[in-house]
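Have a look at the structure below before the remarks.
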Amino acid sequence: MKNMSVRTRILATVVIVNLLGAIAVVVYLHQSYSKSIDSTAAEAGVESLAAWEQIKGEGVAVDPVGNPGEVQRILEGMKAVTGDEYGFLLDKAVADEGTYAAAREELGESSAWAERENYALLFATDDAAADKMQFERPATEVSENSQAIGVEIGSCTKTCHEGMTGEGDFWTIKWSTDSSSKGHAVFPVYGADDEALGVVYVIEDVSAQADGANRSMLSTLAVVGVTLLVSTLIIGMMMDLLVLRRLRRMTESMQDISMRVAGGDFSAEFVSDGTNDEIGSFEKFFSDFIHVVSTTLKQLSGS
């Protein structure tokens, strides 16, 4: 830095400060983007729970093993209402493998008992979505009002989210394999004796919201980037016009007049630019100083 000109130092400082500001803006906008997707995922769980109660009937208990067709009817009805994909994950503690297999057979499906550790998939509205319905926390630890548990990110960038998985008791963030964005949520299901029977798993396609939030974030970043670039150029121009050029003129004039006085030209005078700022004050001081020196030397020389 010592060998750099003042202009270079100032412009480098301005650029660094603006870059730090841009990074702060990027972090803030990305957090806002993530929160908007999180909120959408949370809303999906609440809306799905309301649809479950409406179609099932408030106060009506379900028997997923004894009457799996009722679970199928409710989940398909929910999908027709919300457009989301659903799956019923049966707690293995409330049914043995044989009873579960019989219930699956009644639905025309083969047993999937070994696919999950604590739950067994009873029914899902979509087979592809069923593969993504992975959840192992006890149903009693899930909020009765539903719990958002994860987001698949298909917008933004893969590098941004590639390593972010398995954070928190419920929440996970992972990169989508099909470029779509999906919110994942669950809510618990209890039987007539308030025994936890399992959870309903919700997958909502939030691609439109995610893409919209991403476009908004990128647009804001573009505006901020252009603003920072323009501000850097304007600050550099103003610094050059108001400070650096005046300093260069003052320095060159001081050198010239000092050499003239030293050579015996006692008539040399420095004329300040008449401003009252810091540079103008120094120029006035130097002008008075040269005048005193020139007058004194002239008197001493007898000229």
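Every number here is computed from the coordinates shown, using simple stated rules; none is lab data. Keep in mind it's a predicted model, so treat the numbers as computed, not measured. Ideal geometry is used to build each Cβ from the backbone, glycine not excepted, and the neighbour counts take in all protein chains shown.
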- request: Enumerate the calculated ³J(HN,Hα) couplings along the stretch 219-229 in order (Karplus 6.51 cos²θ - 1.76 cosθ + 1.60, θ = phi - 60°), each rounded to whole Hz, writing x wherever the residue is Gly or Pro.
  value: 5, 5, 4, 5, 5, 4, x, 5, 4, 5, 5
field: Potential extension, residue 192-residue 299 segment - 0.36 nm per residue separation minus Cα distance
entry: 27.0 nm
- request: Convert each backbone phi in the stretch 37-52 into a coupling constant with the Karplus relation 6.51 cos²θ - 1.76 cosθ + 1.60 (shift: θ = phi - 60°), then list the ³J(HN,Hα) values in order as whole Hz, x for Gly and Pro.
  value: 6, 4, 5, 5, 5, 5, 5, 4, x, 5, 5, 5, 4, 5, 5, 4
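In units of 2.2 N^0.38 Å, what is the alpha-carbon radius of gyration of the chain?
Working: Rg = 36.9 Å, N = 303, 2.2 N^0.38 = 19.3 Å.
Against the empirical 2.2 N^0.38 Å value, I get 1.91 for the chain.
Defining a contact as two alpha carbons under 8 Å apart and six or more residues distant in sequence, what relative contact order in percent does the stretch 263-303 show? Mind dumping the intermediate values first?
On the way: 25 pairs, mean separation 17.4, N = 41.
Averaging sequence separation for qualifying contacts and normalising by length gives 42 percent for the stretch 263-303.
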statement: If amide H atoms are modeled at 1.01 Å from N in the peptide plane, then the residues at a separation of 5 or more from residue 154, or on another chain, having amide H under 5 Å from its own are 176, 181, 182
message: Going by amide H atoms built from the backbone, whose H comes under 5 Å of the H on residue 198, apart from near neighbours?
response: 91, 189
For the stretch 263-303, with +1 on Lys and Arg beta carbons and -1 on Asp and Glu, the positive-most of 300, 279, 289 along the dipole: 300
statement: Among 177, 21, 267, the residue whose Cα sits farthest towards the positive end of the charge dipole of the chain (+1 at Cβ of Lys and Arg, -1 at Cβ of Asp and Glu, taken about the Cα centre) is 267
query: Could you give the nm distance between label points at residue 262 and residue 94, where each point is 7 Å from its Cα heading toward the beta carbon?
result: 9.7
- line: Mean separation of Cα contacts under 8 Å (at least 6 apart) over the residue count of the chain, i.e. the relative contact order in percent, is 18
- prompt: Under 12 Å from the Cα of residue 284, which aspartates and glutamates turn up, not counting those fewer than eight places away in the same chain?
  reply: 269, 273
field: Protection proxy ranking of 287-299, 202-214, 89-101 - average other beta-carbon atoms within 10 Å, highest first
entry: 202-214, 89-101, 287-299
- prompt: Under unit Cβ charges (Lys, Arg +1; Asp, Glu -1), what dipole magnitude, rounded to 20 debye, does the chain have relative to its Cα centre?
  reply: 3060
field: Principal-axis tilt of helix 68-82 within the chain, Cα atoms, nearest 10 degrees
entry: 30
- line: The size of the Cβ-based charge dipole (Lys, Arg +1; Asp, Glu -1) of the stretch 263-303 about the Cα centre, to the nearest 20 debye, is 280
- request: Give, in nm to one decimal, the length gained when the segment between residue 269 and residue 281 is fully stretched (0.36 nm per residue of separation minus the Cα-Cα distance).
  value: 2.7 nm
- request: Just name one of 37, 8, 231: the one whose Cα is farthest towards the positive end of the charge dipole of the chain (beta-carbon charges, Lys/Arg +1, Asp/Glu -1).
  value: 8
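For the pairs 92/182; 92/174; 56/92; 35/56; 35/92, flag any whose C-alpha to C-alpha distance is greater than 25 Å. List each step's numbers first, then the result.
Numbers: 92/182 27 Å; 92/174 27 Å; 56/92 22 Å; 35/56 32 Å; 35/92 34 Å.
Where the Cα-Cα span goes over 25 Å, the pairs concerned are 92/182; 92/174; 35/56; 35/92.
Please report the projected area of the stretch 34-132's Cα convex hull averaged over all directions, in nm².
Numbers: hull surface 28.0 nm².
Computed as one quarter of the Cα hull surface, the answer is 7.0 nm².
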query: What fraction of the Cα pairs in the stretch 263-303, stated in percent, has a spacing above 15 angstrom?
result: 44
For the stretch 276-290, 3J(HN,Hα) per residue [Karplus equation, 6.51 cos²θ - 1.76 cosθ + 1.60, θ = phi - 60°, Hz, x = Gly/Pro]: 10, 7, 4, 5, x, 5, 5, 4, 5, 4, 5, 4, 5, 5, 4
